[in-house]
Amino acid sequence: MGLLRWSLLLSTIGTVATISQFNASVGGTALIFASSPPSPDHRIDWNLDTAGAVIATRLPSREPTYAGRCTAGKCSLFINGTLLMDQLVSTDNRTYSVSFEAGGVQIKEKVQLNNYNLLTPPALIVSSSVRPVNGTNLNLRCNLGTQTVHSIYFYRNDELVSCASPHLSCSRSSVYLYFTPILGSDTGNYACGIENPVSSSRSTERFLDVSAKNQQNIPVSGVTLRSNVSGPVIAEQEAVSLLCSSYGTEVSYHWTLMGLPLPKTPRYTLTNGNSSLVISPVSRSDQGAFLCQVSNYLNSQGSNPLNLTWSPEGNIECGAARLGQSVQLYCLWPGGYPSASVYLMYEDLILSGTDTSTIAVPTNQVSLGAQLSCTGSHVGSSEMCSLVIDIPRSAGFINNSIKTANKGDSAVLSVTLNSGGAQDAQIFPAKFSWVRLDPSPIRLFTMNDVTIMSDDYSSYLIILDMSEEFNGKYRCNAENTMGSNSFTFILNVKEEDLLSAGAVAGIVIGSIVALALIILVLVLIFWKDKINNINNTGKRNEK
């Protein structure tokens, strides 16, 4: 009964005269089908054009078979007669026919597949390269390239332009928008849009700035970007001003950093009509090239790139650290932009790096007393430092030196480390400790009459009230990265002396002798002056 009903239905329909239209994009997928679906008992055939090659066939209760364009999995024929075509190409843009056959009755129907490329943005072209003047004629052209489109639109400030305006002329099939004439009210951002059945696209905007009167327009030229400082600044502290200068009339300024719009930060302030950029303070995030783009209606021109520079942090540092069985020597001068060039020199080794330079030297190959030298270079400036790779030393110090202090007075024992004659060379900081060695070794600390004061390079042991109990031998221990050294002292108390009778007599006799000598000297001076006066008088009389 089902087959009989479908045969009667199809026989009444006959061959369909109208052609169904299907739209799809190149590279995409299309579903094409007849206006009347078949029954499950029908044989279904899809052909190219009306009587072309068969590309898909489905027999009742059988899996479909494919040929030609539909091989390699590029088509699927469903039981309802719909043909899915995948991986569309431009040659698939054509007429297809489908036939349904059952019980000797056949019906055919044509369909049209229209393949379209996805549209790319057109270009909006202005007919004049000078600024438009109120009351003059102008046109805009939507340049499609080789694309096929169905509709063309023009927009002003993102709103569709009405072609019904008395001084405008345009249509959905024309690539032109005519202003006859253009008016001051036409000032705005213009774009054109295009459509086809499967896609749409829009051009970038062009700004039309309609002048109220005819005036001379000067194109942009000579764009220069410079800074108000000539050298590196201190990051996070100091400010700079970038100045963008150019020739041209009615110019506007646009700034970028590393090709992107300036980041929104309160540290950036545009002044002088956006021609100056104040950065206060300069931050380490300001790395990269600043550019200033100057534009007017006639043209646009970019400046030279300008990179900020800031100084490295502090002074160059020479240092060393123990790392297992080696000593890591390093020169460090980080934080600058661009990075500082750093050179390390130790004995016969010379290394270079940016911001830092390091080398690990086996402990058994470290020469105590040798110097590590570092040199840094950054944007025309340089710094140097040197470090003596040695244990703590104090040039000129003699161990077991005897120190004497009067009873009741204060006594001071001191050790000051130095580089042993290497001028301007740094030494390692050290930690100090003091020990009294006799009668038995004991570590000393600040307490009662004993005070210990130390920094990285010197240490003092101060006994505030000297007495016999402090007599003895003392040792100062100093330790740094490379090792330790000790410095010893012998401290004695001196009793206050009382003068004997003989000493008093000696003092009296000495005083008398001294007085006699003074009198003798005065007499001799007196007689010498008297003789000189007599001689001078005789000479005057002879005259």
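The values are calculated or read from the model by the stated rules, or taken from the named source; none is laboratory data. All figures in this text were calculated on a predicted structure; none of them were measured in a lab. Here Cβ is always computed from backbone atoms with ideal geometry, including for glycine, and neighbour counts include all displayed protein chains. Protein only, heavy atoms only, side chains kept; ligands, DNA and RNA dropped before computing areas. Shrake-Rupley method; radii C 1.70, N 1.55, O 1.52, S 1.80 Å.
What number comes out for the charge environment of CYS374, summing +1 per Lys or Arg and -1 per Asp or Glu over other residues with Cβ under 13 Å away?
-4
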Original post:
Can you give the accessible area per residue of the chain, in Å², using a 1.4 Å probe?
Top reply: 56 Å²
Subject >> Accessible area of VAL493 in the full protein assembly, 1.4 Å probe (Å², nearest 10) >> reply: 30 Å²
**OP:** Mind giving me the FRET efficiency for SER173 and VAL229? R0 is 51 Å, r the Cβ-Cβ distance, nearest 0.05 is fine.
**Re:** 0.30
Original post:
Roughly how tilted is helix 501-542, in degrees to the nearest 10 and between 0 and 90, from the longest Cα axis of the chain?
Top reply: 90 degrees
**OP:** For GLY288, enumerate residues with amide H under 5 Å from its amide H, sequence gap 5+ or separate chain, H modeled in the peptide plane.
**Re:** LEU308
**OP:** Quick one: order LEU225, LEU118 from most to least accessible surface, probe 1.4 Å.
**Re:** LEU118, LEU225
Subject >> Qualifying GluC sites (Glu not before Pro) for the stretch 110-212 [loop in DSSP, other Cβ within 10 Å: at most 16] >> reply: GLU205
Original post:
Say the dipole of the chain comes from +1 at the beta carbon of Lys and Arg and -1 at that of Asp and Glu; which of ALA320, ILE359, GLN423 then lies farthest toward its positive end?
Top reply: ILE359
Original post:
Hey, what do the phi angles of the stretch 427-435 turn into as Karplus ³J(HN,Hα) couplings, whole Hz, using 6.51/-1.76/1.60 and θ = phi - 60°, x for Gly and Pro?
Top reply: 10, 5, x, 10, 10, 10, 8, 10, 9
Subject >> Vicinal HN-Hα couplings computed from phi for the stretch 295-305 (Karplus, 6.51 cos²θ - 1.76 cosθ + 1.60; Hz; Gly/Pro x) >> reply: 9, 9, 5, 7, 6, 9, 9, x, 8, 5, x
Original post:
Which order, highest average first, do 130-136, 361-367 follow once you tally other Cβ atoms within 10 Å for each residue and take the mean per peptide?
Top reply: 130-136, 361-367
**OP:** Mind listing the long-range amide H neighbours of SER25? Cut-off is under 5 Å, sequence gap 5 or more, other chains count too, H placed in the peptide plane at 1.01 Å from N.
**Re:** TYR116
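Tell me the GluC sites (Glu not before Pro) within the stretch 218-259 that lie in a loop according to DSSP and have at most 13 other beta-carbon atoms within 10 Å.
GLU236
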Subject >> Spatially near lysine pairs across the chain, Cα under 27 Å, sequence gap of 8 or more or different chains >> reply: 13
Original post:
At a 1.4 Å probe, what is the % contribution of carbon and sulfur to the accessible area of the stretch 387-463?
Top reply: 50 percent
Subject >> Equivalent ellipsoid semi-axes, the stretch 52-190, via Cα gyration tensor eigenvalues times 5, rooted, Å >> reply: 53, 15, 11
Original post:
Pairing the Cα long axis of helix 2-13 with the longest principal axis of the chain, what angle in degrees results, from 0 to 90 and rounded to the nearest 10?
Top reply: 80 degrees
Subject >> Mean projected area (nm²) of the alpha-carbon convex hull when the chain is viewed from all directions >> reply: 70.1 nm²
**OP:** Mind checking the stretch 29-118 for chymotrypsin sites (Phe, Trp or Tyr not before Pro) that DSSP puts in a loop (not H, G, I, E or B) and that have at most 15 other Cβ atoms within 10 Å?
**Re:** PHE78
Original post:
If you average the sequence gap of Cα pairs under 8 Å that are 6 or more apart and divide by the length of the chain, what percent do you get for the contact order?
Top reply: 7 percent
**OP:** Go through LEU177, ASN448, ASN196 and say which Cα lies farthest out towards the positive end of the charge dipole of the chain; charges sit on Cβ, +1 for Lys and Arg, -1 for Asp and Glu.
**Re:** LEU177
Subject >> Using θ = phi - 60° and Karplus 6.51 cos²θ - 1.76 cosθ + 1.60, couplings along the stretch 315-325 (whole Hz; Gly, Pro as x) >> reply: 9, 4, 10, 9, x, 8, 8, 6, 10, x, 9
Original post:
In nm, what is the difference between 0.36 nm times the number of residues separating VAL126 and SER381 and their Cα-Cα distance?
Top reply: 86.5 nm
**OP:** In Å³ and rounded to a whole number, note down the convex hull volume per residue for the Cα atoms of the stretch 156-227.
**Re:** 172 Å³
**OP:** Tell me which residues come under 5 Å, amide H to amide H, from ALA123 once H is placed; ignore anything under 5 positions away on its chain.
**Re:** ASN143
